[in-house]
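Notes to accompany the following structure.
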Amino acid sequence: MSYRFVVDDEVLDTFIRLPARQRERVFKLFQRLADDAPLPADVSHNDSVGRPILRRSFNGWNLWFWYDSPVKEVRIVEVERIRR
């Protein structure tokens, strides 16, 4: 069984405010996290309950997420555009 992605409410709020072309790119990144799970992290830290939160940078975007392996989900908790 492959992974599926799930996004937090704040991620959804950010996502729906993006222009259509950026939404398409970010959606593909969400799918990549799920399709290629589990991916190694560029950076990680623990959240308030000790869960490792991973960050991957893709094509000008940072995605913060964690893998819920028992239910085969990648939980996306933050998305941000990388400003250059």
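Observations
- Relative to the dominant Cα principal axis of the chain, helix 20-35 is inclined by about 20°.
- Between the entries (i) 17.1; (ii) 14.7; (iii) 13.0, the label attached to Kirkwood radius over Cα pairs in Å calculated for this structure is (iii).
- Exposure proxy ranking, count of Cβ atoms within 10 Å, fewest first, for Ile16, Ile76, Ile53: Ile16, Ile53, Ile76
- Taking every DSSP beta bridge that has both ends in segment 4-81, the antiparallel portion is near 80%.
- Computed over the chain: relative contact order in percent, which uses C-alpha pairs under 8 Å that are six or more apart: 34 percent
- Extreme residue, positive dipole direction of the chain, given options Val6, Leu18, Leu54 (C-beta unit charges): Leu18
- Which of Leu33, Leu12 has the fewest Cβ neighbours within 10 Å, and the rest in rising order: Leu12, Leu33
- Placing +1 on the Cβ of every Lys and Arg and -1 on the Cβ of every Asp and Glu, with no other charges, gives the chain a dipole of roughly 440 debye about its Cα centre.
- Structure-based [θ]222 nm, the chain - -39500 (n - 2.57) summed over DSSP H runs of at least 4, per residue, nearest 500: -9000 deg cm²/dmol
The numbers here are math on the coordinates, done by the rules we state, and not lab data. As the structure is a computational prediction, the values presented were derived from the model and not from experiment. Glycine also receives a Cβ, built like all others from the backbone with ideal geometry; neighbour counts cover every protein chain displayed.
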